[in-house]
Amino acid sequence: MGTTKLNRNHTQFEDAIEHIIRYAQDIIADLPYKKKMSSDEKEMLIEALLLRACALWESFIEREIVFLINLDPSKLLREFDLPKGTNFDTKLIRAIIFSDHYRDFHDIDRSMSFFDRVIVDKNNSFRKIIGPQKEKINFTYKLRNYLAHYSEFSKLILCRAYQKAPYNYSRFLKPGVFLIKQKGKHFEDLVNNFRMSSICMRKIFK
């Protein structure tokens with residue numbers, strides 16, 4: 001397989017994120033519609049696009065892990081105590097990683113110990129994601145978790161995140177309101193961060 005499928009995974013993901021950002025910009029500017037949208041309509045659409053971006057990121061990571069392990073499955077073999085003659089392919093690797101229980105990789109720092117156990121160091125592209133990118137991903141998932149649950153706990157976590165730099169908002173904002181502020185600057189910054197993280201990860205193969 002080499003890195004062909006890996007590169008395709010990155011480029012397809014990055015293109016999808018660019019499309020989401022362009023669509024969001026059009027929504028905020030009322031470009032694709034004959035009549036101006038209400039603020040509530042814009043907020044709901046922008047929130048939905050954020051959820052879609054998070055889902056694309058999760059799908060991208062799941063494929064990335066499988067493709068990276070397939071380049072050299074030696075750590076996977078040791079981690080799961082598999083027979084040395086195991087004939088690995090992407091289907092078998094996916095089954096080994098994801099069939100025993102649900103895994104999520106929202107928090108890259110928290111997930112790194114798992115990545116380190118199953119991906120050989122020279123192929124571990126997750127190590128290329130830098131601190132500020134990780135922080136933005138974690139913040140994005142605070143928004144996502146509130147939108148997914150509307151629980152008081154997720155609201156409290158998000159409210160505390162709003163109060164910290166670089167946002168420094170003293171009160172709670174609905175995610176849609178936050179994301180369309182400053183003509184969608186917050187939305188574009190957070191969603192494009194997924195794309196930039198992917199670009200950084202690709203550097204390990206150059």
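Here, each number is a calculation from the coordinates, and none is a lab measurement. Because the structure is predicted, anything quoted here is derived from the model rather than measured. Note that we place each Cβ from the backbone using ideal geometry, even for glycine, and neighbour counts take in every protein chain shown.
Structure above, values below:
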item	result
Which labelled figure in [x] -0.25, -0.39, -1.21, -1.36; [y] -0.32, -0.49, -1.14, -1.23; [z] -0.33, -0.51, -1.25, -1.34 is log10 I(q)/I(0) by the Debye sum over Cα atoms at q = 0.08, 0.10, 0.17, 0.18 Å⁻¹, once derived from the coordinates	[y]
Over the chain, relative contact order from alpha-carbon pairs under 8 Å, at least 6 apart, %	32 percent
Magnitude of the charge dipole, the chain, Cβ model with Lys/Arg +1 and Asp/Glu -1, debye to 20	440 debye
Label-reachable residues, region 58-85, where backbone N falls under 14 Å from a point 7 Å from residue 95's Cα toward its Cβ	83
Alpha-carbon spread of region 116-206, three principal axes, descending order, Å	44, 29, 21
Listed residues 111, 21, 182: farthest to the positive end of the dipole of the chain (Cβ charges)	182
Environment charge at residue 157 (Cβ cut-off 14 Å; Lys +1, Arg +1, Asp -1, Glu -1)	+3
20 Å Cα-Cα reach of residue 42 towards aspartates and glutamates, excluding residues that sit fewer than 8 places from it in its own chain	18, 26, 30, 188, 189
Computed helical MRE - 222 nm, the chain, DSSP H runs ≥ 4 contributing -39500 (n - 2.57), nearest 500	-23500 deg cm²/dmol
Loop trypsin sites (Lys or Arg not before Pro), region 1-56, which have at most 10 other Cβ atoms in a 10 Å radius of their Cβ (DSSP)	34, 35, 36
Partner lysines for residue 5 [C-alpha distance under 24 Å; skip if fewer than 8 residues away on the same chain]	75, 91, 122, 128, 203, 206
Net charge, residue 201 excluded, C-beta distance under 10 Å - Lys, Arg +1, Asp, Glu -1	+3
